[in-house]
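*Asks:* Dumping the structure here so I can ask a few things about it.
No lab work stands behind these numbers, since they all come straight from the coordinates. Given the structure is predicted, the values throughout are model-derived calculations rather than measurements. Cβ placement follows ideal geometry from the backbone for every residue including glycine, while neighbour counts extend to all protein chains displayed.
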């Protein structure tokens, strides 16, 4: 019984740190579209423990990647989660090689209400934002009726990500 419990916990922990094939396919589609490429390679960005401890946004081996083709860096992408009213939702932020946001896309929204946060029109507000921007919901990013909690949440997560990218750039990691 203990062995079964141990294996079950191990499988659960391992599964929670990996991206599903469905989500990976959605990410690939978005990255190919933004960079106008048929194929690309990705590499996680190695960050020292000292730097990781100072980052506002948690970066792991499974959520922040350099995107390149033929050894030419195209940009970067971050796969993250934000919290809605009752559950997390998945999103991706794609940066160009100069660390300017090219696209934000909600990949999976798991709630009945607040799905408006995935609107292409609303998400385009983040395009063009850079590592030096400090976003404020309802000032820099317009409010969205019916998705207040989710909209605030994704704005806060992207704001932390921009600050994180600024730190990584200043430390010459990116």
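*Asks:* For the range 38-59 and the range 131-174, what is the centre-to-centre distance using only Cα atoms, to the nearest Å?
*Replies:* 17 Å
*Asks:* Now for a separate question. Estimate the FRET efficiency between residue 28 and residue 72 by the formula 1/(1 + (r/R0)^6), using the beta-carbon distance for r and 22 Å for R0, to the nearest 0.05. Walk me through the numbers before you get to the answer.
*Replies:* Numbers: r = 18 Å, r/R0 = 0.83.
For residue 28 and residue 72, the calculated efficiency is 0.75.
*Asks:* Kindly put 24, 30, 38 in sequence by how many other C-beta atoms sit within 10 Å of each C-beta, fewest to most. Kindly include the intermediate steps, with their values, before the conclusion.
*Replies:* Working: 24 13, 30 18, 38 6.
By the 10 Å Cβ count, ascending: 38, 24, 30.
*Asks:* How much of the DSSP bridge set in the chain is antiparallel, in percent, rounded to the nearest 5?
*Replies:* Numbers: 26 of 27 bridges.
The answer is about 95 percent antiparallel.
*Asks:* Still on this structure, I have one more. If you restrict to DSSP beta bridges whose two residues both lie in the range 73-174, what percentage is antiparallel, to the nearest 5?
*Replies:* Values: 16 of 17 bridges.
Here the antiparallel bridges make up roughly 95 percent for the range 73-174.
*Asks:* At R0 = 25 Å, how high is the FRET efficiency between residue 160 and residue 85 if r is their beta carbon distance? Nearest 0.05 is fine.
*Replies:* Numbers: r = 20 Å, r/R0 = 0.80.
About 0.80, to the nearest 0.05.
*Asks:* May I pose another question? Which order results if 23, 144 are arranged by neighbouring Cβ count within 10 Å, fewest first?
*Replies:* Working: 23 15, 144 22.
With the fewest neighbours first, 23, 144 line up as 23, 144.
*Asks:* Given the peptides 46-58, 124-136, 80-92, 149-161, arrange them by the average over their residues of other C-beta atoms within 10 Å, most packed first.
*Replies:* 149-161, 80-92, 124-136, 46-58
*Asks:* Considering the alpha-carbon set of the range 21-170 alone, what are its Rg and its Dmax in angstrom?
*Replies:* 14.9, 44
*Asks:* What is the gain in length, in nm to one decimal, between residue 36 and residue 171 on full extension, counting 0.36 nm per residue of separation less the C-alpha to C-alpha distance?
*Replies:* Working: separation 135, 0.36 × 135 = 48.60 nm, distance 2.96 nm.
In short, 45.6 nm is gained.
*Asks:* Run the helix sum for the chain: -39,500 (n - 2.57) per DSSP H stretch of 4+ residues, divided by residue count, reported at 222 nm to the nearest 500 deg cm²/dmol.
*Replies:* Details: 5 runs with 62 residues, N = 174.
Computed ellipticity for the chain at 222 nm equals -11000 deg cm²/dmol.
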